[in-house]
Structure formats: structure tokens, C-alpha cells
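Here is the structure we will look at.
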Amino acid sequence: MQFIPLLFGMTFISFVIIQLAPGDYFTQLQMNPEISPQTIESMRRNFGLDKPVIAQYFYWLGNLARFNLGESFSYHVPVSFLIGQKLKNTLALSVFSIFFTWLIAIPLGVYSAIKEGRWQEKMMSFFAYIGISIPSFLIAMLLVFFAARTMVLPVGGTTSVFYINATGWEKFIDYLKHLLLPGIALTLAEIGWLYRLMKNNFLEALGSPYIVTAHAKGLSDGRIYFRHALRNAVNPMITIFGYTLSSVLSGAALVEIITNWPGMGRLILDAVLSRDLYLVMASLLIGGVLLILGNLVADILIAAADPRVRLR
Amino acid sequence: MEKMLEIKKLEVSFRPAVGESVKILRGVNLSVGKNESLALAGESGSGKTVTARAVMKLLPNNMNFEKGEILIRDRNVMNLKEQEFRKIRGKDVSMIFQEPSSYLNPVFTAGSQVLEAVKGDGPGRKERTIKLLNEVGLKENVFYQYPHQLSGGMQQRVMIAMALINNPGLLIADEPTTALDVTTAYGIVELLKEMMEKHGLSMLFITHDISLAVNFANMIAVMYAGRIVELAGAGEILNSPLHPYTEMLVSCLPEKYKSGDKIKTIEGKVPDFRDLPKGCSFHPRCPYKKEICLREEPGEMKRGEGIVRCFKYGDFVEA
């Protein structure tokens, strides 16, 4: 239950930091000779920006209590509407990439820990090393280049031109096809370090004394790997999984921007650049809630998996 | 008499991350007869645990068998494939370890870990497990408890139950009481004695505590720098030790002091395997050293039931 004060603290500090910087959204508008200073003043007053920062924060908080995230300065529509539009796409991308990253990295990590020192492990670790070294945006750019050249995958957007006339099922397939490019880019960018983490965890478990005991009992290799070592190697991964959940909205930003996937990444980036206060606050709030939720999920899962935690 | 375990001229080498590999077992010979208990005593780093691990064929990856034979129930197991030897582990020979807290898997219940060791299916496996847990002095609810909920002594009892569940003929106990406090350790030693009697068990008991060795075992092998320097009955070791090293170990026993005496120690330290002294590896610490000790290595010389490696008792040189 400690997460409620945590959220207050987090939002308050981010609010103050944003407002500490000189100027606001309307400062840029002052450059425009067609807008009179009186207009800008009245707009500031409308949005409450003439009040002290503390008052503004509580005004925002009061709105929040009524599930009102405020209005975007630049789009003149409710922030919740803006986010709602993009949230679906970002969620689809993140869930796609998290699912495949874990599905591929975990078994590969285990396999290569078992084959430690052999060519299989060396080859996989080599590729993982390359994957970790190349930044996600470069992978995305290379994939976009590849897709544009070969035309095997659609580039940019979520839909094709014929989308309007398509049936429900065709629409879904079309959406998936568009998701594939950013999805693969993000998966490739994440898979390397997760593989390494799993491999190291598994190796550490294999080096533990209880593995010697398991051998001394005359158990088979399979039982030792998949019962004794795996159960212990998975526990630290659960915490990592919690953190991964918290990054579903922000983790994909770079890839989204480069592959022109209309998700939250571009929206938040523009909002920060143009100092669109309430939009930034809303995205920070969602990020914070996700972080807390992710940790909560991780705590519950760890308690389920590790008896030492459960009984404390 | 049937031999439960026989080790002949066993040599094991250690390959460090950098540098050349070194021999850490340099021709170990020993045997354990049926219902017999042999204590392997010596300082840390003398090769006791390596010997035990070698018998289980559970040497760490950086150690290799070089030469020698290991016979379990008169069957040479050196050339058995891993798959074949797995059938022997836990069935003919079991092992318990120094720190039960880290040698038990933290995420499984004590019961499931004992149960898992049972060879073969068939009904009554759980009942058998619980019966054995009772026999080693644990209540039935321990079956459902996790290792961290048990005390060190209880954990070691679980390990013992795990080792004995298939009625092996031979148990290797690698310093089973070192991580425990004195009273708990006493309980474990008494339990091991009781189990030996009840189950007709032979034991290879590894310890650095010579008084515990004398108390526990009928035969004692004293190890120094990867070799057995003296093998004799417990009484002989205590009353008429032959090897200068044994003599010094025994003279250090607190039982031999009057109150107010200064506690004795053996000067020097265990030699580094990478740089063993030429000749007898004990000579730098030996008060009786002669000219030959600096040049030649003493071989195994028979003395009654046992053996000794020391030029005090003849001039048989190690080949």
C-alpha cells in the first residue's frame, strides 16, 4: 500500500521539475507576431499557468481525482483522448516484443548454459554480443531499409490502403503485418541481454552445492537441469520481468519513431519538446503506475516461486 | 573380508585458470571393509575432500583423474560411463556434505528432496521416506518444510536420510559436523554411529578433527599433501603414532593438556602443491628429518595392520 504516497511524490517532483525550467508552452507563441500578448495572457489564465506551481499541481491533482487528465495545449483535445488513440498501438507492439523476447531468450539461455564452452554456446553468445552492441534504433533503421528494398513487409503506419474495405479478420492480419517490422526490431534489440542474463543465472545455479547433491543422489541430467537448476535460475528473472512490464509504454519509443509506428513514443517526445504540460504529466503518471504494478506483479510471482520469500 | 571401497594409487590433478596443472592426489591407497569405518584426517588442503569427490566421480570441472583405480564392492568403476555410474550413486555409495544449508536445494521441501532420491518406483515411497525421517530423529512435518525452516542439525539429518534412503553399503561423510555447533555435531556423530550399526553401513569419514576421528572410526588414515602418510587403528594412532606428523597432531589434542599448559601447534603450513618440497613433503616441519628426507620420498612401509611413509621406519623409497 506504500505506492499511493509514492505516486504523489513522483508526480509532484516531476511537476515541479517541468515547471522549474523557464518559459512554458505559450512562450513560443509569443514569437508569433500574429498573436497578441493579451491573447496569450488569457490563454495562460485559462490553463491556470499564471498561478504558483504548487497551486497548479493541486489543480491538476484535483482534476485527476475526477479522472480528468487535463487538456493538451497543442492539440486542444483532452489528454485522455490523445493517449487512448495511441495506447493500443504501443501496447500491441510491447506485448508482441516482450512475448517473443522471453519465448526465445529463455530457452536459448538455458541451452547455452548447458553447452557452456562448446561451439553452440560460443556462437550464440557471439550473436548476443552483437545484438547488445547495436542500439535499437539502428536495428530498426536496418530493418526498415531491408523491408523497403525487398517489399516483404509494409513500412510505417498500422494499416494498408485497402483497410477500409477489409473484413474484420483481414483487418487483423493487416495490422499484424504492419506490427511485424517494429516488433521484430524491438525483439532483436532486447533479446541479447535477456539471453545473457538467463544464461548467467542458469550457470550460477549449476555451480551451486545443491547441484552436487543432486548428482550424488544419482539423478539424471535432465532432472538436474530442469528441476533443480531451472527453478533457482528463474527466480531472479521474475524481478526483471516486473521491470519489463513497467517499460511497456516507454521502452519502444525509439523504435516507434524510426519505424513510424503511431504509438505513445512520438506523442510523448513531441509533448516534452513543446512543453505540453498535462500530456507529459499524464504519460509520466502512466509510467509510474506501470512501474508500481510491475513490481507488484513481480513480488507476487516471486512469492509464488520462492518459498524463502513466501514465508517471510 | 569383502571390501566396500578400495582406492589404488589414485592420482588427481588440478588445472588452475592460469598456469600448469598440478597433482593434488599423489597415489592414494585405501580401503574400507564391510561394516568398517575409516576416518580420513588431515589439515585443510591435504586432499581429503578431493578423495571423497573422486570416489563419487563428482570432481569439479577443473580437476581430472590421472591414474589409479577405484573399486566399489570389488567392481572397478573407473571406466564406467556417467550413465552407468549414476546407477551406483545413491544406491551403492552415498555422500553427505559439510554445509547442509547450501547442499539442500532451497526451493524444494525436505521431503520431496529425500523422496526424489528413491531409486525405482513402486508404492510406499512416501511412507518409507517418512519412516526414515523419523529414524534419523525428525518429525513427520519436516517432510513438508523447506530447508530454510530447519536448523543446521535438522538439515544434516535430512541429508543423512537422503543418503540412506536406498540402503547403500557405503556412506562418505565429508566433514559432516564442521558447520554445526558442538552439541549438534555430537548428535549427528551419534546418529551416524547408530545408522552404521542398524543398516550394516560402511563409512568413509572425512574430518580435520583427529579426536573426532579417533572417537568415530576403527581405522584412521592421516593425509598430508595429497598422500596418506599413516594408516593405523584408532588406538594405535592415539597411543603410539608412527609418523612424525601424526605424532604432532596427537600431541596437540587438548585432552593431553593439564590446565595452564600452553596450547601446542604445528609450526609451518601445508605445502603449496605447485611448489612441493623435494624429498619427503613433510620434511620442512619435521623434527626428525635426516639427510635422506631432503632427497628421496619415502614409500609405503607396512607396520602391523597399517602403513607408514617415513624414513624413520626403513629406507623404502617411493618409486
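Here are some notes:
- Sum of side-chain charges, B:E300 neighbourhood, beta-carbon under 11 Å (Lys, Arg +1; Asp, Glu -1): +2
- Cα pair count fraction exceeding 28 Å, expressed as % - region A:85-310: 42 percent
- Per residue Cα convex hull volume in Å³ - calculated over the protein assembly as shown: 261 Å³
- Spherically averaged projected area of region B:1-140 from its Cα convex hull (nm²): 11.0 nm²
- Efficiency of FRET between B:Q83 and A:I13 - r from beta-carbon atoms, R0 60 angstrom, step 0.05: 0.45
- Burial of accessible area (probe 1.4 Å, heavy atoms of protein chains only) in region A:218-232, relative to its chain alone, reaches at least 10 Å² for A:G218, A:L219, A:S220, A:D221, A:R223, A:R227, A:H228, A:R231, A:N232.
- Counting only chymotrypsin sites (Phe, Trp or Tyr not before Pro) that DSSP places in a loop and that have at most 15 other Cβ atoms within 10 Å, the longest clean stretch of chain A runs over A:76-312.
- Solvent-accessible area buried by A and B, counting both chains, probe 1.4 angstrom, square angstrom: 2100 Å²
- What a 1.4 Å probe finds exposed on chain B is 50% carbon and sulfur by accessible area, rounded to a whole percent.
- Working note: 222 nm ellipticity from helices only, DSSP H runs with n ≥ 4, each -39,500 (n - 2.57), summed and divided by the residues of chain A, gives -24500 deg cm²/dmol to the nearest 500.
- Contour minus Cα-Cα distance for B:N218 and B:R73 (0.36 nm per residue): 50.2 nm
- Grouping the Cα pair distances of region B:164-220 into 5 Å bins from zero gives a pair-distance distribution of 4, 18, 31, 28, 14, 5, 0 percent in increasing distance order.
- Rounded tilt (10° steps) of A:79-114 against the dominant C-alpha axis of chain A: 20 degrees
- Chain A: angle of helix A:277-305 to the longest principal axis, Cα-based, in degrees nearest 10: 20 degrees
- Charge tally around B:R73: other residues with Cβ under 9 Å, Lys/Arg +1 each, Asp/Glu -1 each, net -1.
- Rolling a 1.4 angstrom probe over the protein heavy atoms with all chains in place gives chain A an accessible area of 54 Å² per residue.
- GNM flexibility winner over chain A from A:T159, A:T259, A:T150 (Cα, springs under 10 Å): A:T150
- Computed P(r) (all Cα pairs; region A:184-312; 5 Å bins; percent): 2, 9, 14, 14, 15, 13, 10, 8, 6, 4, 3, 1, 1, 0
- Ordered from longest to shortest, the equivalent ellipsoid semi-axes for region B:166-310 are 29, 19, 15 Å, each the square root of 5 times a Cα gyration tensor eigenvalue.
- The trypsin sites (Lys or Arg not before Pro) found in region B:182-263 that occupy coil by DSSP, while having at most 13 further C-beta atoms within 10 Å, are B:K258, B:K262.
- In this Cβ point-charge picture (+1 for Lys and Arg, -1 for Asp and Glu), region A:85-310 has a dipole of about 440 debye about its Cα centre.
- For chain B, Kirkwood radius (reciprocal of mean inverse C-alpha pair distance, Å): 20.7 Å
- Qualifying chymotrypsin sites (Phe, Trp or Tyr not before Pro) for region B:275-312 [loop in DSSP, other Cβ within 10 Å: at most 15]: B:Y288
- Chain B, helix-only ellipticity at 222 nm - DSSP H runs n ≥ 4, -39,500 (n - 2.57), divided by all residues, nearest 500: -8500 deg cm²/dmol
- Heavy-atom accessible area per residue - region B:119-170, 1.4 Å, Å²: 45 Å²
- Springs join every pair of Cα atoms under 10 Å in this Gaussian network model of chain B, and among B:Q155, B:Q113, B:Q83 the largest mean-square fluctuation is at B:Q83.
- Nearest-ten-degree value, helix A:136-150 long axis tilted from longest Cα axis of chain A: 90 degrees
- In Å, descending, principal axis extents of the Cα set of region A:57-137: 62, 24, 23
- Most mobile of A:S97, A:S42, A:S274 in a GNM of chain A (Cα contacts under 10 Å): A:S42
- For the listed residue pairs A:K199/B:K139; B:K91/B:K139; A:K217/B:K256; A:K217/B:K269, the alpha carbons are over 30 angstrom apart in A:K199/B:K139; A:K217/B:K256; A:K217/B:K269.
- Computed over neighbours whose Cβ is under 15 Å from that of A:L108, the net charge equals +2, Lys and Arg +1, Asp and Glu -1.
- Relative to the current alpha-carbon distance between A:V152 and A:V289, full extension at 0.36 nm per residue lengthens the span by 45.5 nm.
- Inter-probe distance in nm under a simple model that places probes 7 Å from Cα toward Cβ, at B:S21 and A:S160: 6.2 nm
- 12 Å reach of a label modelled at B:K119, 7 Å along Cα-to-Cβ, counting backbone N of region A:197-233: A:217-219
The values are calculated or read from the model by the stated rules, or taken from the named source; none is laboratory data. This is a predicted model, so every value here is computed, not measured. Here Cβ is always computed from backbone atoms with ideal geometry, including for glycine, and neighbour counts include all displayed protein chains. Heavy atoms of the whole protein, side chains included, go into the accessibility calculation; ligands, DNA and RNA do not. Shrake-Rupley method; radii C 1.70, N 1.55, O 1.52, S 1.80 Å.
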